Amino acid sequence: MASKAFAVFLQDLRDGRAHSELSGMLGELLAKVKETGKGGAINLKIKIKPAGRGQDVDKVTISDEIKLDLPKPERGEDFF
């Protein structure tokens, strides 16, 4: 697995669901940035830990967390 390109790894992660989520979020983020003129972010966190105990680790578990930070439109003001 160490020799696998990151793009291929991302497409394999959770049977492609992570890649699909990120692709959809990217489209949504681009649209909001164009709409509001403000920046946003997509954050991908990958956690890797040994699947077993001991020093001989031949398998690992991999989990991901994806967060979308969309730009917020400016709120208007009102006079009273």
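Scanning segment 20-49 for residues that are surrounded by 12 or more Cβ atoms within 10 Å (Cβ to Cβ) and in contact with a Ser or Thr (Cβ under 8 Å, 6 or more places away or on another chain) yields a count of 1. The set of residues from segment 58-73 being of a type in the set (Asp, Glu) and either open to solvent by less than 100 Å² (accessible area, probe 1.4 Å) or closer than 26 Å to Ser23 by Cα (or both) comprises Asp64, Glu65, Asp69.
The values are calculated or read from the model by the stated rules, or taken from the named source; none is laboratory data. All values derive from a computational prediction rather than experimental measurement. All Cβ positions, even for glycine, are placed from backbone atoms using ideal geometry, and neighbour counts span all protein chains on display. Calculation scope for accessible area: heavy atoms of the full protein, side chains included, ligands and nucleic acids excluded. Shrake-Rupley method; radii C 1.70, N 1.55, O 1.52, S 1.80 Å.
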